[in-house]
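A short worksheet on the structure shown next.
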């Protein structure tokens, strides 16, 4: 039977403790036996650090977790409760969801106006961008991410996607410590990055099958259409305009519309590319199923580095890991589990707690979505199958 390994911060292991269990280190996803049945001394802790370098943790197997906790060992992360209690929506989440739904309605109104006039109402948009910044400042970030990760209707994709990319850009601005002016410009970039799709025929935009080469060439024009609509609306902020125009460019030159390489791609475009890809993958479309945040983060880590900005990808992954810990997920067998640890080396398979048992998810039992207390198991199965 496959062991589930529990990390223990080396600095938290007390001197004099009898380690009446096997201790392991992890390198490149492989666990190697280190010692067992030894008493902790300064020299032993030094040995642990040397063996585990550059990390500062060793591992025990899950069957010894209870014993460690009873001995008062601080694992360096919060252990779960003894039994998974499926949560009801908290007052804070319901308030955040209410605000998110109001923002979604406002996003729909703004995009509908753009579709009708082919121009951006700058005053209305700037007021909304300011409102998004206030929501990011006053709400628990994890609740906003939960709203973004929640299941959505296929037919509300464009205005919801635009809002989500605006929120994700705002989070990146927060993590990058942008000032308010730069923060709002980046949020506005996210909100307006795809308005050119309003000019793409719906039969192409929502085609369930594979696009023909001709259809894909039309789709690829949307970032240029967005740029032209912004210029035609009197928007002059260079960072915003480049962010919208270049958000599908790739560092290796394989992107569009101009196939430029890393040195020519703006920071706003690099950030918006990450936000755009994350939300596009987490959403269900007529031509694809939704994916869990863990799959997306794994894809970023494994495949994104040749196309996306490495430092920005790492910033995004590191912060998302922190926000996803402690949240509830739906597993592929329909059960609800709580995320207790996410291994940076294997983001796709977090360690979760189910009814008092800690397990590492696997291809056979994996996370299919974040848990939404307002969505039934039947609805989850309908959307993900």
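A short reminder: the numbers here are calculations on the coordinates, not readings from a lab. What you see is a predicted model, and the numbers here were worked out from it, not measured in a lab. We place every Cβ from the backbone using ideal geometry, glycine too, and count neighbours over all the protein chains shown.
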#### Entry: Full-stretch length increase - residue 302, residue 238 - with 0.36 nm per residue and alpha-carbon distance subtracted
19.9 nm
### Degrees between helix 222-232 axis and first principal axis of the chain (Cα, 0 to 90, nearest 10)
60 degrees
### Query
For the residue pair residue 310 and residue 345, what label-to-label distance in nm results when each label sits 7 Å from Cα along the Cα-to-beta-carbon direction?
1.9 nm
### Query
What ranking do 161, 366, 258 get, fewest neighbouring Cβ atoms within 10 angstrom at the top?
258, 366, 161
### Query
How much length is gained on full extension from residue 263 to residue 20, taking 0.36 nm per residue of separation minus their Cα-Cα distance?
82.0 nm
### Summary
Computed over the chain, the Cα gyration tensor eigenvalues, each multiplied by 5 and square-rooted, give semi-axes in Å (largest first) of 42, 22, 20
### Query
Quick one: which of 175-181, 128-134, 215-221 comes out on top by average Cβ neighbours within 10 Å, and what's the full order, highest first?
128-134, 215-221, 175-181
### Message
Relative contact order of region 1-68, please, whole-number percent, based on alpha carbon pairs below 8 angstrom and at least 6 residues apart.
### Response
44 percent
#### Entry: Nearest-ten-degree value, helix 122-138 long axis tilted from longest Cα axis of the chain
10 degrees
### Query
If you line up the long axis of helix 91-117 against the longest principal axis of the chain, both from Cα atoms, how many degrees apart are they, to the nearest 10?
30 degrees
### Query
Can you sort 41, 361 by how many other beta carbons sit within 10 Å, fewest first?
41, 361
## Note on the structure
Calculated from DSSP helices alone, with each H run of at least 4 adding -39500 (n - 2.57) and the total divided by the residues of the chain, [θ]222 nm to the nearest 500 comes to -15000 deg cm²/dmol
### Query
In nm, to one decimal, how far is the residue 112 label point from the residue 49 one, both placed 7 Å along Cα→Cβ?
6.2 nm
### Query
Given Cα pairs under 8 Å that are at least 6 residues apart, what percent is the relative contact order of region 107-224?
25 percent
### Query
Cα-based Rg of region 143-210 per 2.2 N^0.38 Å, rounded to two decimals?
1.29
#### Entry: Inter-label distance, nm, simple model (7 Å from Cα along the C-beta direction), residue 220/residue 42
6.5 nm
